[in-house]
1. Looking only at the stretch 632-647, filter to residues that are farther than 12 Å from Gly42 by Cα and either surrounded by 22 or more Cβ atoms within 10 Å (Cβ to Cβ) or among the charged types (D, E, K, R) (or both); which one of those is farthest from the chain's Cα centre (by Cα)?
2. Quick one: which of Ser409, Ser405 is of a type in the set (S, T, N, Q), under 21 Å from Leu11 (Cα atoms) and modelled with pLDDT of 95 or more?
3. Considering the stretch 489-546 alone, what residues qualify as being part of a helix (DSSP H, G or I) and touching a Leu at 6+ places or on another chain (Cβ under 7 Å)?
4. For Val279, which of the numbered conditions (1) in contact with a Lys or Arg (Cβ under 7 Å, 6 or more places away or on another chain); (2) not in a loop (DSSP other than H, G, I, E, B); (3) not basic (Lys, Arg) fails to hold?
5. Give me a count of the residues in the stretch 44-67 that are touching a Phe, Trp or Tyr at 6+ places or on another chain (Cβ under 7 Å) and under 22 Å from Gly639 (Cα atoms).
6. When the stretch 118-139 is examined, which residues are found to be of a type in the set (A, V, I, L, M), in contact with a Phe, Trp or Tyr (Cβ under 8 Å, 6 or more places away or on another chain) and surrounded by fewer than 20 Cβ atoms within 10 Å (Cβ to Cβ)?
7. Is one or more of the residues making up the stretch 302-319 polar (S, T, N, Q), farther than 19 Å from Ala482 by Cβ, under 19 Å from the mean Cα position of the chain (by Cα) and open to solvent by 20 Å² or more (accessible area, probe 1.4 Å)?
8. What are the pairs with Cβ atoms under 8 angstrom where one residue, in the stretch 589-606, is without any contact (Cβ under 8 Å) to a residue 24 or more places away in the chain and surrounded by fewer than 24 Cβ atoms within 10 Å (Cβ to Cβ) and the other, located anywhere, is part of a strand (DSSP E or B) and not hydrophobic (A, V, I, L, M, F, W, C)? Sequence gap at least six, or different chains.
Amino acid sequence: MKKINISAKDLYEIGFLGTISVKPDERRFIYTISRVDKKKDGYITDVIEFNLETKTEKRILKKGHKYGAVKYSPKGSMISFISDRDKKGKLYIMPSDGGEAEAIELEKYFIEDYVWSSGEKYILMTLIEKSKEEKQIEEEKEEDKKKSLPTVRIIDNLIYRFDGKGVLHKNRPQLYLYNIRTKQLKKMTNLKPGVLEGVLSPNGKYIYYTTFDKSNWEIDSNYISVYKMNVKSGKISRLEITDGPKYSLVISGDGKYLCFIGNTDVDDYTGTANIKPFVYDIKNGKYFRIMENRDLMCTDTTIDDMGEGFESASIKISPNNTLYFQVSDRGNTHLYKYDLDKNILHHVFNGEGKVMAFGACGKIEIFALSNTDHPGRVFIKKGEKKELVVDPNKEFISSRNIAISEKISWKGFENDRVYGWILKPHNFNETKKYPLIVEIHGGPHAQYGNSFFHEFQVLAAKGYVVFYSNTHGSTGYGEKFAKSLVKRWGEPDSVDIMKAVDILKKKPYIDPQRIGLTGGSYGGFMTNWMIGHTDIFKAAVTQRSISNLVSFFGSSDFGYQFRKEFGTTFWEDMSYYLEYSPISYVKNIKTPLLIIHSENDLRCPIEQAEQLYTALKILKKKVRFARFPGESHGLSRMGTPSRRLKRLELMTDWFKKYL
């Protein structure tokens, strides 16, 4: 079969791998795969059960819906999931050997998350009780009335909106205990800041949960503590664990260990400090950190545009007391395991690639892996042997010309070694001259890596050499490297990029007069910053960007937390905020600029793009503004498919015109 080049429309062909759950009998596992539904212009999820004995698989839930948080119950008798199959997000449970799914009645609540008790008698849910106004709006929508918004929103909280969600619910999330037999739901907490996560002890006697500790928790949100509640008496006690952020709370099946990931840096709100797995011994009340003395980030920070495939849980415990967690290391997301009883650390996967999802039980370890030349497939590992078991993208990969990445390294800012990749067009000819496009990642404390990036493949297929890298400020290369950008956005990484461009310009296959630049979020900030400081780029596309740090501070859902990153506020040091705002250098911009921004972006609000566009129009510069209605900050990763496609078309058209 003749292969064809990758195109923007291949978004409709790629399968995005998601959750993995292994059945306790070690004979089956569930995986989810999301695909674009062209008719609905949205995403649907297939939930597949794979039989490890017969090597066969079957779809176990109705086609045409979205499913999340799919998992086996601890004994494997049930399968549970959250779905929109009745047009409302509900929690369902069904027998794992077949039968109809039963919806748990949660009419008064929004469901955030849930965990089973080990005996399968209870489900501990994180729910938000609907306010009177929210109930009224739902009723009006159902009755097709025109009014579907409140008359006014009165805001008293600092945290009142979140990108991708919009205005947050009036009530805070609380824990509720659901009795499977009686079908009764009991409210367990009533905390002003709400609950972040909760787990049940195996005997069902205790609930462990995390919550904010400070009275001004909206500002000091890194002060998170773990509490223990007696289910019967309601008595609560705080566990003696150092202050700091804490996520992904899990408990071992025998009730010995409570684990989570986090760190002790209460001032790090932007991800420069390494995240580590914590293990708390419930019996003796002591805790320790796994890999404490290794300069590694123990969570997934690898960026790509396969966003619908991500799962939220970063750590899991298997029934044999083995803790599994991801590690971001030099462009890869590895998978490690730690035997909690024997205190032994092993790696499950430490090669090139990104572990997107994983599950384990007994001797069975299963993980979904993405590579630069493959969107994702599922592997099983028994001992030291790794075996491919599922490849939902086999047909796509076998019929497309895939650009293969090449590694590159150079001396950047302060002569530090910096690493990146070059992606060349298919049928690359060493004697030809190609235009170069420089991609800059967001975060800023994240990393590009050895994972599939549809956007990069599309650009390479259009005849561009694509260069992407992990400049100063990136994670995966140690804390010092990540922190090197603090208080000086745009400076160390600009040096890195310009030195790399100088090297690439000298390559015989690069046309030094045809260099483009693009990036999103912080990468958009950098695009704005660099074209205000150099004319080397002949075309640029800035996406979901930041242009003005002063207005970003208050207009972003998270902007005020960057005060720690910047070391000050704008009312304390206005000159600093202006010095590091790309808008301050707008009159220097000569590069033709396409501005892409989502109208519902709450992380980098569209006013950032509007300021830049207005200034450039008044200055009579070459600029175009593409606004995407209804989309959030994550347009490129999980936005409406037709708009994701349009975004790629706009980018390639702009570069075609000016490069």
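1. Lys646
2. Within the list Ser409, Ser405, the selection yields Ser405.
3. If the condition is that a residue be part of a helix (DSSP H, G or I) and touching a Leu at 6+ places or on another chain (Cβ under 7 Å), then Pro492, Asp493, Leu504, Thr527, Asn528, Met530, Ile531 are the ones that fit.
4. The single condition Val279 does not satisfy is (1).
5. Matching residues across the stretch 44-67 total 4.
6. Within the stretch 118-139, Ile128 is the sole residue that qualifies.
7. yes
8. Ile606/His597; Ile606/Ser598; Ile606/Arg627
The values are calculated or read from the model by the stated rules, or taken from the named source; none is laboratory data. Just so it is clear, the structure is predicted and the values come from calculations on it, not from any experiment. Every residue, glycine as well, gets a Cβ built from its backbone with ideal geometry; the counts of neighbours run over all protein chains shown. Note: areas computed on protein heavy atoms with side chains; ligands, DNA, RNA excluded. Shrake-Rupley method; radii C 1.70, N 1.55, O 1.52, S 1.80 Å.
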